[in-house]
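The values are calculated or read from the model by the stated rules, or taken from the named source; none is laboratory data. For clarity, every value in this text was computed on a predicted model and none was experimentally measured. Backbone-built Cβ (ideal geometry, glycine too); neighbour counts: all protein chains shown. The protein model used for the area step is the full one, side chains on, heavy atoms only, and it has no ligands, DNA or RNA in it. Shrake-Rupley method; radii C 1.70, N 1.55, O 1.52, S 1.80 Å.
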Amino acid sequence: MREIELSLNQTQKIRLKRALEKLESSSSKANSNSNASVSISDSIPVNHEDGVLKGHGTLDLNGELVATLCGVVERVNKLVYVRALRARYKPEVGDIVVGRVSEVAQKRWRLDIHYSQDAVLMLSSMNLPDGIQRRRTALDELNMRSIFEENDVICAEVRGIQHDGLHLQARSQKYGKLERGQLLTVPPYLVRRRKQHFHHLEQYGVDLILGCNGFIWVGEHVEAKDDMVEDQVSKPEQQKSNKNSISLEEQEQTYTPIETRQNICRIANAVRVLSILGFNITIEVIMDTMNLSSSLNLDIHEMLGSEFCVLVAEGEAERRSLTKRKG
Amino acid sequence: MEFVSPEGLRLDGRRPMEMRQIRAEIGAVTKADGSAVFEMGNTKVIAAVYGPREVQNRSQQINDQALVRCEYSMANFSTGDRMRKPKGDRRSTEISLVIRQTMEACILTHLMPRSQIDIFVQVLQADGGTRSACINAATLALADAGIPMRDLVTSCSSGYLNSTPLLDLNYVEDSAGGPDVTVGFLPKLDKVTLLQMDSKLPIDIFENVMQLAIEGCKAIANYIREIMLENTKQLEYRRGI
């Protein structure tokens, strides 16, 4: 059994245990019919007369279907597959991912996105900073480092798997380099695919990106500006005329107010607590955790303490039992 | 020296066919993709698995399957007398190779082309049977990392001292110089993937000794499966729907 790594005192231990037991009982009741955890080399009961399509994580052994992973058996019509928990990220087309540049290569960047290979972002599959649609020249290729450098954190979308690996694209203003914030890594199975992965939390002035690959970005809000609209001609003149004021402006831009920074840290710690406890990470749960911490008047560093973890676990148990009663 | 007393008890009080107590724990290294601690009596081993990840050395990349690497090491404090052993001595290179080959045989490497899987095993306490303990720990760690495998590999050793087949030798029995058979076994497929022996044995006795080791492997496999199932259930219900 995976132990939660916390130093708890006796009462906290008992409270945590009780909360987790509550979670266990509520989840086992909810899916008692499909309660099908398997470990490696367990046989999966199937009805061969109906015809079976064997999917990921299964193996045919002398007419018997055998699991090759530890996970949960899922059945979709004839398809039977095993969904592994705690595995590396498996990309699907259209996923929003956050990654870190590991290499700048010929016409492409290589990104670490916690997949079994590095992902590829081609120079041609992203919008140039000047916003003009045109062929990429050799000059653009030379200036690639001015767009993204090694170790930059980038947000992009999965385009598909080609013969040379996984390709990404960043064809919109919302994608691109992420600055002034924190990157958190959580196990990918905790992030569910949803309609919305970009969240702008207006009351905190914070952007939150829940990457499907388990990379979560918490950063200062940046206004998605469309460079196309801006007047291309007037721009260089402006720059020349007031060079001094630009540097001041830049200083102002790179400065993040302390409240925003505290909010970033608070949200980041909320995500950390949830990932330690192994709870699903959604925007609602993050906000609940964050509100809980501020209503208790806890300091940011106290959020990673054992007391707060136990409180979050109890709150989660309460929340799930409530939603079940409604449903 | 007398390894089995007239009452039929061994030096540490076990019966000849009795195993040491085993204990396993999944998730010992937070930053690793998969990790486990495995204990057989006083032998304690920790394993961490990283990957499948991008191949570090491009020239080693294989286009249709994953590259499996393994590193075995012994902590300085693992033995009775503290010894500063040089890294990469003969013994540890040999055991690394043995573990790598055993694990590679059961990992479905063709599902993860152009990637690399690193297995690191370290002995924290050595009391005989480190090779077997390392293989068991590596299996658990690989399962935790979500790497598809044909079957669980488990391993157990057995020996023959005082004309008695003994299961799961400890350090004293191991260093007696008698035959020591280490078996790696796939319980579902009912196949042997690893067989090593020091010194000599007559063929009919060897079969008995090997059968004993296989029984040990099966017992360990049952225990490991329970641990993995428990862990999966935990993860599933904690995450919720």
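Structure data summary
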quantity: Drop in accessible area of at least 10 Å² in the complex versus isolated chain, residues of the stretch B:177-191, 1.4 Å probe; calculated: B:LYS188, B:LEU189
quantity: A/B buried area, accessible surface, summed, 1.4 Å probe, Å²; calculated: 4100
quantity: Mean Cα-pair separation over length for chain B, i.e. relative contact order, pairs under 8 Å, 6 or more apart, %; calculated: 21
quantity: From the C-alpha gyration tensor of the stretch B:22-239, square roots of 5λ in Å; calculated: 28, 20, 18
quantity: When each of B:LYS44/B:LYS200; A:LYS22/A:LYS195; A:LYS107/A:LYS174; B:LYS31/B:LYS87; A:LYS17/B:LYS188; A:LYS195/A:LYS324 is checked by Cα-Cα distance, pairs over 32 Å; calculated: A:LYS17/B:LYS188
quantity: log₁₀ of I(q)/I(0) at q = 0.21 Å⁻¹ - the stretch A:87-178, Debye sum with one point per alpha carbon; calculated: -1.02
quantity: Charge dipole (debye, nearest 20) of the protein assembly as shown; +1 at Cβ of Lys and Arg, -1 at Cβ of Asp and Glu; calculated: 660
quantity: Distant-in-sequence amide H partners of A:LEU168 (H built 1.01 Å from N, under 5 Å); calculated: A:VAL120, A:LEU121, A:MET122, A:ARG159
quantity: 1.4 Å probe, heavy atoms, protein only - residues of the stretch B:33-74 losing at least 10 Å² accessible area vs chain alone; calculated: B:ASP33, B:PRO52, B:ARG53, B:GLU54, B:ARG58
quantity: Surface accessible to a 1.4 Å probe, per residue, for the residues of the stretch B:109-241, Å²; calculated: 35
quantity: Convex hull of the protein assembly as shown built on C-alpha atoms - directionally averaged projected area, nm²; calculated: 34.0
quantity: The stretch A:38-85, accessible area per residue, ligands and nucleic acids excluded (1.4 Å, Å²); calculated: 51
quantity: Percentage of interatomic Cα-Cα distances in chain A larger than 39 Å; calculated: 27
quantity: Separation between Cα centres of the stretch A:63-134 and the stretch A:252-327, rounded to whole Å; calculated: 28
quantity: Per-residue ³J(HN,Hα) for the stretch B:86-100, Karplus 6.51 cos²θ - 1.76 cosθ + 1.60, θ = phi - 60°, Hz, x for Gly and Pro; calculated: x, 6, x, 7, 4, 4, 6, 5, 5, 5, 4, 4, 4, 5, 4
quantity: Calculated [θ] (222 nm, deg cm²/dmol) that DSSP helices of n ≥ 4 give over chain A, each run adding -39,500 (n - 2.57); calculated: -10000 deg cm²/dmol
quantity: For B:LYS191, distant residues with modelled amide H under 5 Å away; calculated: B:LEU186
quantity: Rg(Cα) / (2.2 N^0.38 Å) computed for the stretch B:160-239, rounded to two decimals; calculated: 1.41
quantity: Exposed trypsin sites (Lys or Arg not before Pro) absent - longest run of chain B, DSSP non-H/G/I/E/B, at most 15 other C-beta within 10 Å; calculated: B:88-199
quantity: Amide H contacts under 5 Å for B:LEU166, placed H, 5+ residues apart; calculated: B:GLY159, B:TYR160, B:LEU161
quantity: Residue-normalised accessible area of the stretch A:87-178, expressed per residue, 1.4 Å probe, Å²; calculated: 49
quantity: Relative frequency of Cα-Cα separations exceeding 13 Å in the stretch A:155-201, percent; calculated: 73
quantity: Low-density loop positions, GluC sites (Glu not before Pro), the stretch A:134-181 - DSSP coil, at most 13 other Cβ in 10 Å; calculated: A:GLU149, A:GLU150, A:GLU179
quantity: Chain B, helix-only ellipticity at 222 nm - DSSP H runs n ≥ 4, -39,500 (n - 2.57), divided by all residues, nearest 500; calculated: -10500 deg cm²/dmol
quantity: Alpha-carbon Debye profile of the stretch A:38-85, log10 I(q)/I(0) at 0.19, 0.20, 0.26 Å⁻¹; calculated: -0.49, -0.54, -0.92
quantity: Residue with peak Gaussian network fluctuation, chain B [Cα springs, cutoff 10 Å], from B:THR182, B:THR93, B:THR43; calculated: B:THR93
quantity: Accessible surface of the stretch B:147-215, 1.4 Å probe, proportion on carbon and sulfur as whole %; calculated: 51
quantity: Net charge of neighbours whose Cβ lies under 11 Å from the Cβ of B:GLN60, counting Lys and Arg as +1 and Asp and Glu as -1; calculated: +3
quantity: Accessible area of A:PHE148 in the full protein assembly, 1.4 Å probe (Å², nearest 10); calculated: 10
